[in-house]
Each structure stands twice: as structure tokens, then as C-alpha cells.
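Chemist: The structure's right below; bear with me while I get my questions together.
Bear in mind that the values in this text are calculations on the coordinates, not laboratory data. Predicted model only: the values in this text are computed from it and were never measured. Every residue, glycine as well, gets a Cβ built from its backbone with ideal geometry; the counts of neighbours run over all protein chains shown.
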């Protein structure tokens, strides 16, 4: 009987995937995702696209908030910066989309240095408020710099064509999102098990102790900001392409909250948690709508008229309920279930 | 000169509203160590309830004022009891995220219950213009500044002299020791939430009186952030004064630099302030020793 999860060498501890069944399931999931664009209808496919784009963004925020413990309430600022960087480079200056994506990562990364540097002295709530301020300042800057950003009118964006492949169709664009999401997942998993990732977690768990251990707090916090902003910017560019239009209104402040909700629901500090949280939060309104419509047409009508309000009420409720009853998120719940299954009939 | 004075006075009036809401933030922070991200939404609900009272029951100023105060107290107590008390003893991050969740719920609940159109709150007074040295000022604007100043005095006296005020300071300083000394932390928290809700609600009602009610009002909470950070999160009086400063700065920036600057003047200001004095102008410096 398997009684626990024993690691005997350092290599086992930092292995990307530590058991054969996980390899199997990952391969099955990967194949399913590759087949999905041909099997799903356009409506379901749009959900898949949103999930893949959101996963990318959530993984980006996870590096900052989940790994390093720096709360950001202004991540939508990086998202919108990335989207605008891509739109301006590609739509306005007709650069190749690859350059656009590079810019979509680099510009938010630079912006994050501007926020990160003054934030180094701040902790916890004060940092959250500075990042919040940043996202509002970014919005105003975008609206004011009309010569570059078209102000409130926004910029329309085409689906890209890269390396001779056109991503015009929904299926092709889903593959692009899938590729970016997979690369991000691998990258964040690898960051977590590297020296840098362990330094991030040390800062989150106890920054004074981390400092005593010789971790340069300022450098690593800035690094967390830059990495996180880079990935979030990429997600922003993808989101802009998905919307086919980049404007300040397309990136409401609620997205920042949604991103934090995803991390909390999934399980803070876990890449798997970010993925699970995204799937749940993105599908939650749709699932609720289905349940409502099962009950009666009247409830369904209420849902259609007040859909936006009910949707955001659900976010709020889900955040509160998870924090109250399952603070470790879906990943924590999964660990509990697994332990109960393995140890049954013993409690532990 | 006339223009400058006009900007200063309207800055003071809006700043007094920010100050009231900022005091709401500070009261909760001081006794529970939390930043209540739902403050703007609570402000807004109280204002909407006042509006409902004025249109359906009576437009009498006394009735509306009492109704709004009562609603504010109830709202604060309910939120403390139902949402915040179960989170007692949880990490600060979790509890603050709960207030964010609460903010999202309240905001959409407002859109759901009331409509999305702007409304004017009419209680028969507050909109008439009096001339002070050649400058037109609304009576509502004078009233809000007076209210802020008298509330500042009252709260100062409360924290200084009353038993409950001293208990609140004790819980804020060290809740475990306070508990050992026989102070009920839950009662202190409940009082703090009720007080914060009422003070901020008064700000909201005055805002509705001078400007208009609309679903975008929750942004008042975001605008009051800079005020409370500027004054110091744990400084109730400082937050009130911070509000006045932010109001003036905003109006001057809007008047001389353009409307875009008006939106972000407060935020730009707190980033600078936080870099120099991370604990605000009147806040207490946290000293950590290893």
C-alpha cells in the first residue's frame, strides 16, 4: 500500500512530473486539447480560447502573488499594456506579429519596473494599493496619448500570420493560444523548481528569513514583477486579438479581481491551481445559466436580463466561500480527497 | 484669482466627501487591521437607500438623514456579523480578499436592485447657491465641510476620552493583550464596522446631494484611497485631512493641467508619498526587529 509521497533524492524532489500516471493523464489531456478545435462547435471553442488566454494571464499573476506573495490589484494594467503594445506595433506600424508579441511582453515588463521599484519598500496592503493606482494611471495615460493609442477610440487588430501560418480561423487561433498557454505552464513550472522559484517562495513565506539566507529581496521582487508582467502582457496581446479590438473599455478593472479570484479558487501558488481555477471561473457563469434554465424559463429570463450583475455577484460569492471554507482552493480539496482515498478507512 | 478660489472651494467640498469615506477606511483599519475594499460600495448603498427614502417615503431632510444613518449602521453590523466575523483569526490577505469579494457582490447587487441611470437626491435644500465674497457656493458644499470638521472633533474626543474609544485603540495596538484585559474584540469590531459604514454613508449622501447618484459612485471608494494613504491608514483624523488635501490637489490639477490629470492626481500623489513616508503623513511607523 502506498502510504505517502516519499522523495529520496534531490532530483525526485524537483522533478517536473513525479509519477507515471500523471504523464499518462497529461498526454491524454494534451491529445484532447489538440483534437478539440475539430470536435467542438464555434460556441464551445470560444470558451476554450478564453480559458487558454486566461490561463496564461493567471499563471503570470501566480508568479507574483502565488509564488512571491506580492498582492497585485492592478494586473489588468499589464494586460492592457501588452494588448496596446501588440496593437500599436502590428496594426499601426505594420511590424511582423512576432515582433508584436515580443513587444507585448517587453513593454509591460518595463512598465513593471516602474511600478516595482517604488513598491520595493512597501508590503502587503500598501503594495496592493500602489498596483491599483498603477492600473488607473495606465488607463489615463493610454487615453491621453492619443497620437499613439487613438485615445478612447481604440485600435482594431487582425488575427496574425506568423512564419507562413495564418491564424485567421478559430481553430488555428486556438492552437496559437494553446501553444502560448503550454509554454507558459512549462515555464512557470520550471521557474518554481529552479533556484529563482525557491527564492520567490522563500520571500513569500518569510522575507526576513529569506534575506538572512542571502536572498537579495529587491532583485528577486523586481524579477518576479518583470516575469509576471511579461507573461501577463502576452496574455493581453492574445486577448486583444481575440476581441479583435483593443480599447480601455475592453479591459475593465474587474479583470484584476477575476484574476485574483482564479488564483484563490484554484489554490494560491500552484500552477495546477491556476489552471483549475481558470476553468472553474470561466465556465461558472455558463454552468449557472444552464442550471437556471433547467429549472424554469422565468429564472432563465432573469439571468439573461441581469446576466452581467449575476455573473459578477457569483465571482464575489465564490471568492468569499472559498476563502471561508477551502482557503487552499481546488488543489487543496484535491489533495484532501486523494489523501482520504489512499488512507481509507483511516483518517490519516 | 477668482478661478483659483472657485477651484479651491469646490476642491474642499469634494475633498470633505473623500475625507469622510477615508475616515471610514481608517476606523476599520485602526481596529481590525484591514483595508476594507468594499468601502466605496457601502457608501453607495447608503446613498441609494437615502434616495429611495426621499422618493418613496418622504423628501423631508430629517427623515432622510435619520433613515440613511440607520441604514448605514445596519449595513455595517450585518456585514461584520455575516461576512467578516467568520474570518476572525484568518490571515490578513484572506480577510482583505473577502472584502474585495464583498465589494463585487455589493456593486452588482446595486445594479440589480436599482437601475443604471443617474438620479438626483432632492431633500429640498443643499442646492441653493450663496455668495461668499463673490464666489458662488452651494449650501450642501458648506454643510459637508462643516460635517467633516465636526465629525473630526467628535471622533478625536471619542478616541481620547470614551471607554469604548480607548478599548478600540487597545484592540488595534495589540488584540491579544486587549482580550486578556477583558475587552470584547467582536464588540469592538462590530462598532468599528457600524461607525465606518455610517461615516462613509454620510459622505455618500452628501455626494448624491451635490452631484448625482449613479452606479459609478463606487469609484468614490477608490478616490478616497489616496486620502487615507496620504493621512496614514491608521490615522482617523489624518485621513479626514488627507481627503481635503486630495480634493484640492485634484481640482487644481483638473483646472490647470487637464481633466485626465484630475483622475489620477490623487494616485500619483500617493505613489510619491508612499515612497517617502510609507506609513502616511500622520500614520505610525511600523518598526520591525529581527
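Chemist: Residues in the range B:98-121, backbone N under 18 Å from the label point at residue B:139 (7 Å along the Cα-to-beta-carbon vector): list them, ranges by number please.
Modeler: In the range B:98-121, the label zone of residue B:139 (backbone N under 18 Å from the point 7 Å along Cα→Cβ) covers B:121.
Chemist: Extending each Cα 7 Å along its Cβ direction at residue B:259 and residue A:172, get the distance between those two points in nm, one decimal.
Modeler: 4.3
Chemist: A further question follows. Would you tell me the mean number of C-beta atoms belonging to other protein chains that fall within 10 Å of each C-beta in A:253-263, as a whole number? The partial results should precede the final answer.
Modeler: Details: counts 2, 3, 0, 1, 6, 1, 0, 3, 4, 0, 1.
Counting Cβ atoms of other protein chains within 10 Å of each residue's Cβ and averaging gives 2.
Chemist: A follow-up question, please. For residue A:325 and residue A:95, compute 0.36 nm times the residue count separating them, minus their Cα-Cα distance, and round to one decimal in nm. Show your work: numbers first, answer last.
Modeler: On the way: separation 230, 0.36 × 230 = 82.80 nm, distance 4.94 nm.
Gain on extension, residue A:325 to residue A:95, equals 77.9 nm.
Chemist: So, one more: Compute the acute angle (0 to 90°) between the alpha-carbon long axis of helix B:2-32 and the principal axis of greatest extent of the alpha-carbon atoms of chain B; round to the nearest 10°.
Modeler: The angle comes out near 20 degrees.
Chemist: Compare the peptides A:239-252, A:144-157 by average per-residue count of other Cβ atoms within 10 angstrom and give them in order, highest first. Mind dumping the intermediate values first?
Modeler: Details: A:239-252: 19.8, A:144-157: 15.2.
Final packing ranking: A:239-252, A:144-157.
Chemist: From the convex hull of the Cα coordinates of the range A:9-149, what is the mean projected area in square nanometres? Don't skip to the end; give the middle numbers.
Modeler: Working: hull surface 50.3 nm².
It is 12.6 nm².
Chemist: Take B:44, B:1, B:217, B:181 and order them by how many other Cβ atoms sit within 10 Å, fewest up front. Spell out each step's value before the answer.
Modeler: Details: B:44 29, B:1 6, B:217 23, B:181 11.
By the 10 Å Cβ count, ascending, the order reads B:1, B:181, B:217, B:44.
Chemist: Answer rounded, prolate or oblate for the range B:1-107, using the Cα gyration tensor with square roots of eigenvalues a ≥ b ≥ c: rounded when a/c is under 1.5, else prolate when a/b is larger than b/c, else oblate. Don't skip to the end; give the middle numbers.
Modeler: On the way: a/c = 2.68, a/b = 1.35, b/c = 1.99.
Cα axes put the range B:1-107 in the oblate bin.
Chemist: P(r) tail for the range A:91-187, what percent of Cα pairs lie past 17 Å?
Modeler: Details: 3132 of 4656 pairs.
Counting every Cα pair in the range A:91-187, those more than 17 Å apart make up 67 percent.
Chemist: Within 10 Å of each Cβ in B:107-120, how many Cβ atoms from other chains are there, averaged over the peptide? Can you show the working numbers first?
Modeler: Working: counts 5, 11, 5, 1, 5, 8, 1, 0, 0, 1, 0, 0, 0, 0.
Other-chain Cβ atoms within 10 Å of each residue's Cβ, averaged: 3.
Chemist: What's the exposure ranking of A:94, A:335, going from fewest to most Cβ atoms within 10 Å?
Modeler: On the way: A:94 8, A:335 13.
Sorted ascending by nearby Cβ count, the order is A:94, A:335.
Chemist: Taking the Cα centre of each part, how many Å lie between the range A:223-293 and the range B:101-165?
Modeler: 36
Chemist: Can I ask one more? What average count of beta carbons from other chains do you get within 10 Å of the Cβ of residues in A:317-330? List each step's numbers first, then the result.
Modeler: Values: counts 4, 2, 8, 12, 2, 4, 12, 7, 1, 0, 6, 0, 0, 0.
The mean count of partner-chain Cβ atoms within 10 Å per residue comes to 4.
Chemist: For a quick check, take a GNM of chain A with Cα springs below 10 Å and name the residue from A:308, A:158, A:326 with the largest mean-square fluctuation.
Modeler: Of A:308, A:158, A:326, the Gaussian network model singles out A:308 as fluctuating most.
Chemist: Could you rank the peptides A:71-84, A:9-22 by their average count of other C-beta atoms within 10 Å per residue, with the highest value first?
Modeler: Values: A:71-84: 29.4, A:9-22: 10.4.
Highest to lowest by the protection proxy: A:71-84, A:9-22.
Chemist: Between the range B:46-76 and the range B:245-280, what is the C-alpha centre distance in whole Å?
Modeler: Between the Cα centres of the range B:46-76 and the range B:245-280 lies a distance of 32 Å.
Chemist: Quick one: angle between helix B:219-231 and the longest Cα principal axis of chain B, in degrees between 0 and 90, rounded to 10, please.
Modeler: Here the helix axis deviates by roughly 60 degrees.
Chemist: Any chance you could give the angle, 0 to 90 degrees and rounded to 10, that helix B:185-210 forms with the longest Cα principal axis of chain B?
Modeler: Once rounded, one gets 10 degrees.
Chemist: If one computes the Cα centroid of the range A:165-221 and of the range A:100-122, what distance in Å separates the two points?
Modeler: 15
Chemist: So what is the calculated 222 nm ellipticity per residue for chain A, using -39500 (n - 2.57) for each DSSP H run with n of 4 or more, over all residues, to the nearest 500 deg cm²/dmol? Numbers along the way, then the final one.
Modeler: Numbers: 16 runs with 254 residues, N = 348.
Dividing the helical sum by the residues of chain A leaves -24000 deg cm²/dmol.
Chemist: Arranged by the count of other C-beta atoms within 10 angstrom, fewest first, what order do A:188, A:131, A:288 take?
Modeler: Values: A:188 23, A:131 27, A:288 15.
Exposure proxy ranking, most exposed first: A:288, A:188, A:131.
Chemist: Shifting gears a bit: Taking a ≥ b ≥ c as the square roots of the Cα gyration tensor eigenvalues, with a/c under 1.5 meaning rounded and otherwise prolate when a/b beats b/c, else oblate, which class fits the range B:1-54? Please report the intermediate quantities before stating the final value.
Modeler: Details: a/c = 3.97, a/b = 1.46, b/c = 2.72.
Oblate, because a/c is 1.5 or more while a/b does not exceed b/c.
Chemist: Further question: Once you put a point 7 Å from the Cα of residue B:154 and another 7 Å from the Cα of residue B:77, both along the Cβ direction, what distance in nm separates them?
Modeler: Once both label points are built, they end up 1.7 nm from each other.
Chemist: Is the range B:90-161 best put as rounded, prolate or oblate by its Cα gyration tensor, with a ≥ b ≥ c the root eigenvalues, rounded for a/c under 1.5, and otherwise prolate when a/b is larger than b/c, oblate when not? Write down the numbers at each step before the final one.
Modeler: Working: a/c = 3.48, a/b = 1.36, b/c = 2.56.
In terms of gyration-tensor shape, oblate.
Chemist: Roughly speaking, what is the stretch gain from residue A:7 to residue A:205, that is 0.36 nm per residue apart minus the C-alpha to C-alpha distance, in nm to one decimal?
Modeler: Working: separation 198, 0.36 × 198 = 71.28 nm, distance 2.21 nm.
Separation in residues times 0.36 nm, less the Cα-Cα distance, equals 69.1 nm.
Chemist: Quick one: among B:117, B:48, B:18, which has the greatest mean-square fluctuation in a GNM of chain B with alpha-carbon springs under 10 angstrom?
Modeler: Comparing B:117, B:48, B:18 in a Gaussian network model of chain B, the most mobile one is B:117.
Chemist: P(r) for chain A: what percent of alpha-carbon pairs falls in each 10 Å bin, starting at zero?
Modeler: Whole-percent P(r) values from 0 Å outward: 5, 23, 32, 26, 11, 2, 0.
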